Amino acid sequence: MSARPWLMSAPALILFGVLLLVPLGMTFVLSFNAFDFYEGIIPTTGLANYADVLGDSYYWEIFGRTFGIALATTAICALIGVPQAYILYRLSPVWRSVVVLIVIGPLLISVVVRTLGWAILLGNRGVINTALKDWGLIERPIKMMYTEGGIVLALVHVFVPFMVLAVWAALQRKDPSTEAAAESLGASPFTVFRRIVLPQTVPGILSGSLIVFSMAASSFATPAILGGRRVKVVATTVYDEFMNTLNWPLGAAIAVTLLVAVMIIMITWNRLVERRYGEALQ
Amino acid sequence: MAFLVLDGLTKTYGEVRAVDSLSCTVEKGEFVSLLGPSGCGKTTTLQMIAGFETPTSGRIELAGRNLASIPARQRGLGIVFQTYALFMHMTVRENVSFGLEMRKVSGRELKTRVDRALEMVHLGALADRYPRAMSGGQRQRVALARALVIEPELLLLDEPLSNLDAKLREEMQLELRRIQREAGVTTVMVTHDQSEALAMSDRVVVMNGGRLQQVDSPFDVYETPKSSFVSTFLGKSNNFAARLESTTDTGSVLTSGGITLSGPRASLLPGAAEIAIRPERIELTGPEQGIVSGTVRERIFLGAQWMLAIETAMGEFLVARRNSGNREADIGDTVHLVWAPQDLRILPAKEGARS
């Protein structure tokens, strides 16, 4: 009898184990191995790769840039997503379904196609620069491709839906009468939003920012296309180690370091928000 | 001039007339309930008074001011919502302070007034708690304190007790009435619970299908219902189609199900009518005094009383019998029913019914 739950969830557990835990475990083991240009991977055990990663300012810069991009993306997503979710929440059901479709629209397009679209817009001879030049607003093209700003822009575009949906879910959990109550007590629409609605969306902003931050920090295709070789982030560095340098153990060490760093940041953020709002939001 | 005047208030949603030319008045300091089944328009009426809905036509006047052009946040009404609508991210004190902060009250005065409001609802000790850590009854008190602290001219209660369990609800009825008296605030309560409306109100406004059915004191609305709907909605009632044969100053003669009955003086013209009699006014008696005889079909024991369903020539009667400690008539027994003629209520026949 007690074996049945396990038996019934076995397919999912096996899938989860084979597809996630095994590769993760192998990457973890791989990160302790050594690498030699002539002999390839040497199955030893040591922390040399981690020492390389943590001791080299080159990697510190890449990690710093990655988290900077992720942080900026998360902040902008929250700034755009919260009002957007509130508008969505206030719309009539018919309009709401139309707008939800528009909001999740970016997710329906392949990441490569979407990013190449941004490349067309942002390039030195792209749509934006050409238009600005034709109107006589600028003489030289504004550099947008191969910059952190361009990457953040494209990441915000695709991650805003996650923030909107998370905040929207939080809004739907709240008592709809609270706004009417505040209004009846004399609050202006802006005060109602700032003092009543916004604080109640904090759990949504929290979960939305956790999703967006972790996805932005580990995103690959967008920085690879819009950042190229010049603006390297952790994910593209790992890719280069695996595919170009063929130094798999070093690549694995970088990947594991990213995983651990993202987890530490997420847990810290979660703790901070819970300590600030915990009692009110349980 | 009454304190609150609703005059020809109408609200339509497309083809549906949610509230249909409702007119009534509330005096200063009075506690009036809007009572009716769900969908009768009582909540819509409250929403229009509060300013959350705009009337299609008609007028709302409070203390001589027409409320039409005044937005909800400037009406200065205290509202207790069905879900309480507490600000979950604020402490009890912050919840209660909110309305005063919006009125730019601050410092010592703010604290004094909030303390006084919390004291009134006996929550002084819990001021720094969050609503999530409170029981339903306590949350309701917070909602009440938050609505009263702004010293509103009018207090609106939207099904304030419907989320409480039965025992707590009875306690809160008394408590709510005490607080309302203490604050001396004119109050309009919306409820679908007839016992709540009877227990708490000075007057009851009975509504059905968007229309006003009757406005009276709880006693009068129960004792002298003016329509079949009011008689059955408030308390239990045995209603039968009947025919008013004749009426004089001293009494009337009716027939129902082939049985001749005497009743009080009727204000109707002879013809089709409806009679209503409360289950608690019917006695069981011997065969010679019985007005109508029947067979017991069901018997339910409720502790303080028995409920009997009795099949008769007129139709099925519901009879309430006080539990006097003796054995009650059993299922299948033949019994004889009697009541005083003045306990019979003669009502207009239901529309479409002919007898």
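General remarks:
- Total residues in the range B:291-335 satisfying the condition of being part of a loop (DSSP other than H, G, I, E, B) and farther than 15 Å from B:ASN238 by Cβ: the figure is 14.
- Only one of B:LEU126, B:LEU118, B:LEU161 that is more than 17 Å from B:THR186 (Cα to Cα), more than 13 Å from chain A (Cβ to nearest Cβ), out of contact with any Lys or Arg (no Cβ under 6 Å at 6 or more places or on another chain) and buried (at least 22 other Cβ atoms within 10 Å of the Cβ): B:LEU118
- When B:GLN82 is tested against (1) buried (at least 20 other Cβ atoms within 10 Å of the Cβ); (2) at pLDDT below 95; (3) closer than 17 Å to B:MET189 by Cβ; (4) within 14 Å of another protein chain (Cβ to nearest Cβ), only condition (1) is not met.
- All positions within the range B:31-77 that are small (Gly, Ala, Ser), within 14 Å of chain A (Cβ to nearest Cβ) and not in a loop (DSSP other than H, G, I, E, B): B:ALA50, B:ALA72
- Filtered by the rule that a residue be among the polar types (S, T, N, Q) and under 14 Å from B:ALA276 (Cα atoms), the range B:234-266 gives B:SER237, B:ASN238, B:ASN239, B:THR255, B:SER256, B:SER262.
- Listed by position, the strands (runs of 3 or more DSSP E) inside the range B:171-285 whose residues that are under 30 Å from B:GLU159 (Cβ atoms) and of a type in the set (A, V, I, L, M) number at least 1 are B:186-191, B:203-208, B:211-216, B:271-277.
- Residues of the range A:232-253 classified as under 14 Å from A:ALA70 (Cα atoms) and in contact with a helix residue (DSSP H, G or I) (Cβ under 6 Å, 6 or more places away or on another chain), total: 3
Conditions (1) in contact (Cβ under 8 Å) with a residue 40 or more places away in the chain; (2) within 30 Å of A:LEU88 (Cβ to Cβ), marked per residue:
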| position | (1), (2) |
| --- | --- |
| A:ARG194 | no, yes |
| A:LEU198 | yes, yes |
| A:ILE205 | yes, yes |
| A:GLY208 | yes, yes |
| A:GLY228 | yes, no |
| A:ASN244 | no, no |
| A:PRO249 | yes, no |
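- Some residue of the range B:241-250 being closer than 30 Å to B:GLU61 by Cα and at pLDDT 90 or above: no
- Condition check for B:PHE301: out of contact with any Phe, Trp or Tyr (no Cβ under 7 Å at 6 or more places or on another chain) and over 28 Å from B:SER227 (Cα atoms): yes
- A:VAL152 vs. criteria over 26 Å from A:ILE69 (Cα atoms) and of a type in the set (A, V, I, L, M, F, W, C): no
The rows are residues; the columns are (1) without any contact (Cβ under 8 Å) to a residue 40 or more places away in the chain; (2) more than 30 Å from B:LEU126 (Cβ to Cβ); (3) surrounded by 16 or more Cβ atoms within 10 Å (Cβ to Cβ).
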| position | (1), (2), (3) |
| --- | --- |
| B:GLU27 | no, yes, no |
| B:THR45 | no, yes, yes |
| B:ALA72 | yes, no, yes |
| B:LEU77 | no, no, yes |
| B:PHE87 | no, no, yes |
| B:LYS104 | yes, no, no |
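- B:ALA145 in the same structural domain as B:PHE31 (by TED's automatic domain parsing), modelled with pLDDT of 90 or more and of a type outside the set (Asp, Glu): yes
- From A:ALA131, A:ALA170, A:ALA119, residue being in a helix (DSSP H, G or I) and buried (at least 20 other Cβ atoms within 10 Å of the Cβ): A:ALA170
- Elements of type helices (runs of 4 or more DSSP H) contained in the range A:179-272, each with 3 or more residues being surrounded by fewer than 17 Cβ atoms within 10 Å (Cβ to Cβ) and modelled with pLDDT of 95 or more: none
- Which numbered condition B:ASP7 fails, given (1) under 27 Å from B:LEU176 (Cα atoms); (2) acidic (Asp, Glu); (3) not in a loop (DSSP other than H, G, I, E, B): (1)
- Number of residues in the range B:214-229 that are at pLDDT below 95 and closer than 16 Å to B:PRO348 by Cβ: the value is 6.
- Residue among A:VAL156, A:VAL99, A:VAL113, A:VAL152 that is assigned to a helix (DSSP H, G or I), modelled with pLDDT of 90 or more, of a type in the set (Val, Ile, Thr) and over 19 Å from A:LEU226 (Cβ atoms): A:VAL99
- Residues satisfying the stated conditions in the range B:217-265, i.e. of a type in the set (S, T, N, Q) and touching a Lys or Arg at 6+ places or on another chain (Cβ under 8 Å): B:SER217, B:THR224, B:SER228, B:SER231, B:SER237, B:ASN238, B:THR247, B:THR248, B:THR250, B:SER252, B:THR255, B:SER256
- Some residue of the range A:9-29 being assigned to a helix (DSSP H, G or I), loosely packed, with under 10 Cβ neighbours inside 10 Å and out of contact with any Lys or Arg (no Cβ under 6 Å at 6 or more places or on another chain): yes
- Matching residues in the range B:302-336 - criterion: being at negative phi, surrounded by 14 or more Cβ atoms within 10 Å (Cβ to Cβ) and small (Gly, Ala, Ser): B:ALA309, B:ALA320, B:ALA329
The values are calculated or read from the model by the stated rules, or taken from the named source; none is laboratory data. As the structure is a prediction and not an experimental result, all values here were calculated from the model. With ideal geometry, Cβ positions are generated from the backbone for all residues, glycine too; neighbour counts draw on all protein chains shown.
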